[in-house]
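K.L.:
Would you mind keeping the following structure in view while I ask a few things?
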Amino acid sequence: MTPEAPDVAETASFLRRFADLMSNGYNATYLHRAADLLDTLTVRVTAASDERNSGATNTNPCPIMPMRWKPNATRSSMTLTAI
């Protein structure tokens with residue numbers, strides 16, 4: 001587990017407690033969603049860190065839909081496109 005994990009857990013706990021103090025509404029819902037996202041992302045970061053430390057190599061950041069930056073023909077910018 002990464003050193004930042006306890007801070008993230010504490011923050012997610014605070015967001016849930018604060019949302020519980022609020023009346024049921026959009027703000028409370030958003031705080032609960034934010035706490036859930038923090039938990040989910042913490043698990044993903046920990047898994048990626050463990051995978052990286054174990055020596056496994058996965059160059060694809062998104063196994064469901066690989067993406068690549070590609071020059072845009074009409075503008076002088078880059079566009080993110082599916083491979």
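K.L.:
Quickly run through segment 37-49 and pick out the residues that are in contact (Cβ under 8 Å) with a residue 12 or more places away in the chain and closer than 11 Å to ALA12 by Cα.
P.N.:
LEU38, ASP39, THR42
K.L.:
Being among the hydrophobic types (A, V, I, L, M, F, W, C), at pLDDT 85 or above and touching a Phe, Trp or Tyr at 6+ places or on another chain (Cβ under 8 Å) narrows it down to one of LEU21, LEU37, LEU31, LEU41, so name that one. Spell out how you get there, then give the answer.
P.N.:
On the way: LEU21 fails: touching a Phe, Trp or Tyr at 6+ places or on another chain (Cβ under 8 Å); LEU37 fails: touching a Phe, Trp or Tyr at 6+ places or on another chain (Cβ under 8 Å); LEU41 fails: touching a Phe, Trp or Tyr at 6+ places or on another chain (Cβ under 8 Å).
So the residue among LEU21, LEU37, LEU31, LEU41 that is among the hydrophobic types (A, V, I, L, M, F, W, C), at pLDDT 85 or above and touching a Phe, Trp or Tyr at 6+ places or on another chain (Cβ under 8 Å) is LEU31.
The values are calculated or read from the model by the stated rules, or taken from the named source; none is laboratory data. None of these values were measured; they are calculated from a predicted model. Cβ coordinates were reconstructed from backbone atoms using ideal geometry, including for glycine residues, and neighbour counts include every protein chain displayed.
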